[in-house]
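Data block below; observations after.
The values are calculated or read from the model by the stated rules, or taken from the named source; none is laboratory data. Keep in mind that what you see is a predicted model, and the values were worked out from it rather than measured. FYI the Cβ positions are ideal-geometry reconstructions off the backbone, even for glycines, and counts take in every protein chain you see.
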Amino acid sequence: MTEESKEVGAGASQGAASGEQSAALPVDAPPVTAPVQHTPPETADTAANDDGSMTLIAHLTELRSRLIKCLLAVAVGAGVGYYFIDDIMHYLTVPVGKLYYMQPAEAFFTYIKIAVVVGFLLALPVIFYHVWRFFLPALTRAERLVLGIVVPVSVILFFLGLAFSFFLVFPAAIMFFKGFGNEELEALFSVNRYFEFVIMFVLPFGFVFELPLVITILGKLGFISSAFLRKYARIVIFLSFIIAAVISPTPDVFTQSMIALPMIVLYGVGYLIVRFVLRK
């Protein structure tokens, strides 16, 4: 073997040794990071607990949504009421005939009040529906069935009370008050004051007409019986006149009697329902 071949073999062996050393040395590899899982943020519609119940944020969001829908319903109803304001004023002024306004903007703002009240009355079924839908998830099937009956009946009774008061009791009350006029004293009704009087006189009848429904519910739950209602009938008659004196817009006996007498009659209707329908 020649010297050149020896030198070539020595160089090859040194290169192999250096290659083994370089392979033995650690190579700086880029760090391996775990993939980041981006979880979508909880929204109000999907924010729920593990047991299926809604979180507080979800409840508040739903409440805001339903309040907005109720306000929109009132706004739409108010727009409808303002569109038919002339027809509404015609029916409102039938018991008195002619009204007056003492200030330049009194008629305009009174029209706005009437339109808002009409809008609220027209939107009342929508409001009750959204209240019922808001509490629906927390109710059992039996409770849903009961509310499905109670809510429509309460709305119907409320409007019956308003109609009974405005078409039957209110004209008689106006005639009673106009009877105090004479040649020296003439009745001049302001449009704003007259509308306030209509609201204060008619609205309590809507709540009074809910009395049979309240008595029926209490009787169904077992809190009262027909014997209980018969026992406290005299006290109820006395309290009816006290309540009528409190909620009456005027201190006269006629208006108080017009509120107290229907309350007593409705109490009797509730008694008949508890005794002969519920048989308690």
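No other residue among Y111, Y101 is touching a residue at least 40 places away in the same chain (Cβ under 8 Å) and closer than 30 Å to F254 by Cα apart from Y101. For the range 164-191, residues that are surrounded by fewer than 19 Cβ atoms within 10 Å (Cβ to Cβ), closer than 26 Å to A107 by Cβ and under 32 Å from the mean Cα position of the chain (by Cα) total 3.
What do you reckon, is V274 modelled with pLDDT under 90, over 18 Å from S165 (Cα atoms), in the same structural domain as V214 (by TED's automatic domain parsing) and of a type in the set (A, V, I, L, M)? Spelling it out, V274 is indeed modelled with pLDDT under 90, over 18 Å from S165 (Cα atoms), in the same structural domain as V214 (by TED's automatic domain parsing) and of a type in the set (A, V, I, L, M).
Note on the range 178-232: enclosed helices (runs of 4 or more DSSP H) holding 3 or more residues that are assigned by TED's automatic domain parsing to the domain that holds L261 and modelled with pLDDT of 90 or more are 226-231.
Pairs linking a residue in the range 163-181 that is without any contact (Cβ under 8 Å) to a residue 12 or more places away in the chain and more than 12 Å from P204 (Cα to Cα) to a residue that is among the aliphatic types (A, V, I, L, M) and surrounded by fewer than 18 Cβ atoms within 10 Å (Cβ to Cβ), with Cβ atoms under 7 Å and 6 or more positions apart or on different chains, are G181/A187. Against the list (1) of a type outside the set (D, E); (2) under 27 Å from I88 (Cβ atoms); (3) not in a helix (DSSP H, G or I), the condition P171 fails is (3).
A residue that is closer than 24 Å to M200 by Cα, among the charged types (D, E, K, R) and in contact (Cβ under 8 Å) with a residue 60 or more places away in the chain occurs nowhere in the range 84-96.
In the range 213-224, the condition of being surrounded by 15 or more Cβ atoms within 10 Å (Cβ to Cβ) and of a type in the set (F, W, Y) is met by no residue.
Residue by residue, here is whether (1) over 12 Å from the mean Cα position of the chain (by Cα); (2) surrounded by fewer than 16 Cβ atoms within 10 Å (Cβ to Cβ); (3) at negative phi holds:
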| residue | (1), (2), (3) |
| --- | --- |
| V76 | yes, yes, yes |
| V80 | yes, yes, yes |
| D86 | yes, yes, yes |
| L92 | yes, no, yes |
| R133 | no, yes, yes |
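Taken over the range 248-258, the residue count meeting the criterion of being in a helix (DSSP H, G or I), free of Cβ contacts under 8 Å to residues at least 60 places away in the same chain and buried (at least 18 other Cβ atoms within 10 Å of the Cβ) is 1.
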